Amino acid sequence: MLTHLLCRWCCSCLSRLSLPTMKNFDSVVRLNIGGMKFWTTTDTLTQREPDSMLAAMFSGRHTLCLDSDKGYVFVDRDGKHFRHILNWLRDGVVPTLEDSEYSELMREAEYYQMLGLIDGIHAVLDKRKKEDDELHTELTRTDIIKCIQSERVRFRGVNLSGLDLSKLDLSYVDFSFACLKNVFFSRANLQCAKFRDVDAEGSIFHNATLRECEFTGANLRGALLAGACLQSANLQDACLVDSSFCGADLRSAHLQNADLTNANLEGAVLEGANLKGAKLSNANLKGANLQRAYLRHVNLRDTHLEGAKLDGANLLGAIR
């Protein structure tokens, strides 16, 4: 049975050379792994992983197929990671790789039945996961309160998903690149806070103070900002799909290229706001104050504008 498997591993040989024992071999072994050539020794292939497929092949108990011109033993596998296999057999050190590459190396280790390398890869991945978990440990509301007592507060890249931060004074706090999914910011003071490129999908900002905040590139899909004060806030390039700004104060807000598809801005004050390049497909602007707003070349064809105030708005080239 094992001889049959070994012949399959060494298929496509140009000829077979019957070798009664590997003791007649030179200690140097030439391997052709899927077209990639490697040189090593029988000691390397047999000592560290004695129960592996390679150790069985070169134990001296089996006949192997060789390329008669070059003297290479052929194994029909991708040779991309075989150097890591050999280095493990030589040194016993698991290589430093990306997680996706470990997945590929694991497949090769399983094929060659290298139990030590398999355990080593699992140990590395477990360590990385533990370090990653420690790095992204979520803070509590109490932790946040302690932090904001200092002069300069930054939560850049921190995962605060699901926290209740309502009614806190978070003015000038830097949340850039943080994960703020489903966070409660209701009635919080967030004046001049930075939310650049945050993921705040589903977060609640009811009646929050967001004057002069920066939301450039932020994901606020489905966020609730009803009654919020967003005077002079910067929401350029933000995703505001399905969000609610009912009755919100967006005077002089920057909404260039923002995606307001299906957003509800009924009764919102957008006086002097800049909506250049904004997407307003199916947006609800009923009763909104758009006086002196910049709507030049904006597509308003599918926008609900019943009762909206457009006095002094720049509608040059707008599609209605």
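Looking only at residues of segment 111-151 that are loosely packed, with under 13 Cβ neighbours inside 10 Å and in a loop (DSSP other than H, G, I, E, B), we find that the one that is modelled with the highest pLDDT is T140. Scanning segment 255-284 for residues that are within 15 Å of L315 (Cα to Cα) and assigned to a loop (DSSP other than H, G, I, E, B) gives Q256, L270, E271, G272, A273, L275, K276, G277, A278, L280.
Picking from residues in segment 241-254 that are part of a loop (DSSP other than H, G, I, E, B) and among the hydroxyl-bearing types (S, T, Y), the one that is least open to solvent (accessible area, probe 1.4 Å) is S243.
Determine, yes or no, whether C213 is within 20 Å of C147 (Cβ to Cβ) and modelled with pLDDT of 95 or more. It is true that C213 is within 20 Å of C147 (Cβ to Cβ) and modelled with pLDDT of 95 or more.
Would segment 195-206 turn up any residue that is in contact with a Cys (Cβ under 8 Å, 6 or more places away or on another chain), within 23 Å of K286 (Cα to Cα), free of Cβ contacts under 8 Å to residues at least 40 places away in the same chain and not aliphatic (A, V, I, L, M)?
No.
Would you say N314 is touching a strand residue (DSSP E or B) at 6+ places or on another chain (Cβ under 6 Å), of a type in the set (S, T, N, Q) and surrounded by fewer than 19 Cβ atoms within 10 Å (Cβ to Cβ)? Judged against the criteria, N314 is a match.
Out of all the residues in segment 290-302, which are of a type outside the set (K, R) and open to solvent by 50 Å² or more (accessible area, probe 1.4 Å)?
Scanning segment 290-302 gives Y294, H297, N299, D302.
Could you tell me whether K70 is over 35 Å from the mean Cα position of the chain (by Cα), surrounded by fewer than 19 Cβ atoms within 10 Å (Cβ to Cβ) and not in a loop (DSSP other than H, G, I, E, B)? No: the conditions fail for K70. Filtered by the rule that a residue be open to solvent by less than 30 Å² (accessible area, probe 1.4 Å) and more than 38 Å from the chain's Cα centre (by Cα), segment 255-289 gives a lone residue, N289.
Step by step: first the residues of segment 221-240, then only those that are open to solvent by 10 Å² or more (accessible area, probe 1.4 Å) and in contact with a Lys or Arg (Cβ under 8 Å, 6 or more places away or on another chain), then the one that is farthest from A288 (Cα to Cα). Which residue is that?
In this case the residue turns out to be C239.
Residues in segment 158-202 that are hydroxyl-bearing (S, T, Y) and open to solvent by less than 40 Å² (accessible area, probe 1.4 Å): S161, S166, S171, S176, S186.
Within segment 74-98, the residues that satisfy the criterion of being assigned to a helix (DSSP H, G or I) and touching a Leu at 6+ places or on another chain (Cβ under 7 Å) are H84, W88, L89. If you go through segment 210-220 and keep only what is out of contact with any Phe, Trp or Tyr (no Cβ under 7 Å at 6 or more places or on another chain) and open to solvent by less than 40 Å² (accessible area, probe 1.4 Å), you end up with L210, T216, G217, N219, L220.
Residues that are of a type in the set (D, E) and modelled with pLDDT under 90 within segment 22-50 comprise just one, D26.
Within segment 28-53, restricting attention to residues that are part of a helix (DSSP H, G or I) and free of Cβ contacts under 8 Å to residues at least 60 places away in the same chain, which residue is surrounded by the most Cβ atoms within 10 Å (Cβ to Cβ)? If you could, list the steps in order and put the result at the bottom.
If we filter segment 28-53 for residues that are part of a helix (DSSP H, G or I), which is where we start, we get 42-46, 53.
If we keep only those that are free of Cβ contacts under 8 Å to residues at least 60 places away in the same chain too, we end up with 42-46.
On the way: T42: 20, D43: 13, T44: 17, L45: 23, T46: 19.
Step by step, filter segment 28-53, then rank; the result is L45.
In summary, L305 fulfils each of the numbered conditions (1) open to solvent by 60 Å² or more (accessible area, probe 1.4 Å); (2) more than 28 Å from A188 (Cβ to Cβ) with the single exception of condition (1).
The values are calculated or read from the model by the stated rules, or taken from the named source; none is laboratory data. The model shown is predicted, which means the values in this text are computed figures rather than measured ones. As a convention, Cβ positions derive from the backbone with ideal geometry for all residues, glycine included, and neighbour counts pool all protein chains shown. For accessibility, only protein heavy atoms count, side chains too; no ligands or nucleic acids. Shrake-Rupley method; radii C 1.70, N 1.55, O 1.52, S 1.80 Å.
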